[in-house]
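The values are calculated or read from the model by the stated rules, or taken from the named source; none is laboratory data. Every value quoted in this text rests on a predicted model; they were computed, and no experiment measured them. Cβ: placed from backbone, ideal geometry, glycine included. Neighbour counts: every protein chain shown.
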Amino acid sequence: MEKENTRTIILLEFVEIEKQRQQCYTTKERDSCIIAKNYIVGILQTIQNLFTGAQRTEQRSINYTLPFGSATQVDSKKALTFTAVWAAIRLLSESVSTLPVGVFRKENNGDNIELNNDLSYLIKYEPNTYQNKIVFFEKIMMDMLTNGNSYVQIIRNGNGRVIQLLPLNYDDVDIYVLENKLYYSDKNIKENIESENMLHFKLITGSDGITGLSPIEQNMNSLGWYADLEEYGRTFFKNGAKLSGVLQTDRALSEQAIDRLRNSFNKNYSNLSGSNQTAVLEEGLSFKPISISADQAQFLSSRTFSLQDVCRIFGLPPHMLSDLSKSSFNNIEMQSQEFVSYSLLPFLSKIELEMGLKLFRKSSVGREYIKFNVNGLLRGNVKDRADYYKTAITNGWMNINEVRRLEEMNSLGADGDKNYLQMNMTTINKIGQEDAS
């Protein structure tokens, strides 16, 4: 009789296993598969205990929330929907694209002269027939910050002079090395492009030393957590900040009954589609909701942490993304200068060097160069600038017209080009001689 009952139990258990398996394959949901897998493991352990006579130890969990899985997968398109990521990329892209830029030549006497030639026009105003300079550099920065790489094809005339700079789609470009030489291929134009005719701007390179690493992909887990936090906040408030609850009963329930009730209740009422529905309870159960505030859930502090995490990813001072928790009146100006020194200059140096190597003839590299002007971003307040200019003029290393040009004021003519030096200054070795005379 005992063996017959055992076979009956085993048959019923395998029927339940088959039902779970069918549910897993028909719904195609990962969570259902995980639940079914855990259920099957428990069933097999039960069957083993029936034959081995091992004493069953019942384990019950008091956790009333569903376990969290891995972070949401985030790609470049998804990342741009986050306000902090969008603000960081917009800030860096617009800051670089709106900086004054020019082509310069270093003379033999050390002077740097700005050139006004065809290449200068492309860089300062119109790189191609459908983009101006601002849109062009925004495209470069956007590609670098999302994909880690940006490609711009150099179009030359018969004499080898640059006549257009055409940005390419990141997804259409492939890179390969042939006989120690780098080549690029574009799926749209169906031709191979030598590295001399391709501007390749990249962030930190990977193991191949050729392609840059995407900050979105490298920080996928952190941004995935950010996505989960955004979804948590949306459902938190949409459901009236009621996170979960407990099912109570005075009866002793088996482990199978507990699992079945938990899975059934979560399936029907834990998601948004199940809100405001009427719950039907059995086994003498009663539902006790648990409500907590956003502050108790540390939701606001988590959002602040995610904002700081984005600042770390893109190398930005937090106050540039409106996080003033660690800023004060005394250090805000220094943090703004750090934005130029540590956030912008790495991008500017990469762009300047890549353009300088490939847009000029080899005989002119180093003597002719492209330079962004960041002086406007480094300017302090009016008082600090006045003291700086006064020191420069009285010590003779700047004249009045140079100062006025920095302040975007008209020159004073020839008199403003004169340099002045205080007459009461002399060298140390002449001090004693002047007193004796």
Among residues of region 187-206, those that are modelled with pLDDT under 90 and either farther than 23 Å from L348 by Cα or aromatic (F, W, Y) (or both), counted: 6
Selection status of D259, at pLDDT 65 or above and either under 30 Å from D143 (Cα atoms) or in a loop (DSSP other than H, G, I, E, B) (or both): no
Filter result for I292 (at pLDDT below 90, closer than 30 Å to T83 by Cβ, among the β-branched types (V, I, T) and not assigned by TED's automatic domain parsing to the domain that holds I140): yes
Residue in region 155-167 that is touching a residue at least 60 places away in the same chain (Cβ under 8 Å) and at negative phi present: yes
Selection within region 397-411 - modelled with pLDDT of 85 or more, surrounded by 12 or more Cβ atoms within 10 Å (Cβ to Cβ) and of a type outside the set (V, I, T): M398, N399, N401, E402, R404
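Quick grid of which residues meet (1) surrounded by 11 or more Cβ atoms within 10 Å (Cβ to Cβ); (2) in a strand (DSSP E or B); (3) touching a helix residue (DSSP H, G or I) at 6+ places or on another chain (Cβ under 9 Å):
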residue: N159; (1), (2), (3): no, no, no
residue: D171; (1), (2), (3): no, no, yes
residue: Y184; (1), (2), (3): yes, yes, yes
residue: F201; (1), (2), (3): yes, yes, yes
Filter pass, N128 being out of contact with any Asp or Glu (no Cβ under 9 Å at 6 or more places or on another chain) and loosely packed, with under 13 Cβ neighbours inside 10 Å: no
One residue from S95, S120 being surrounded by fewer than 17 Cβ atoms within 10 Å (Cβ to Cβ), among the polar types (S, T, N, Q) and in a helix (DSSP H, G or I): S120
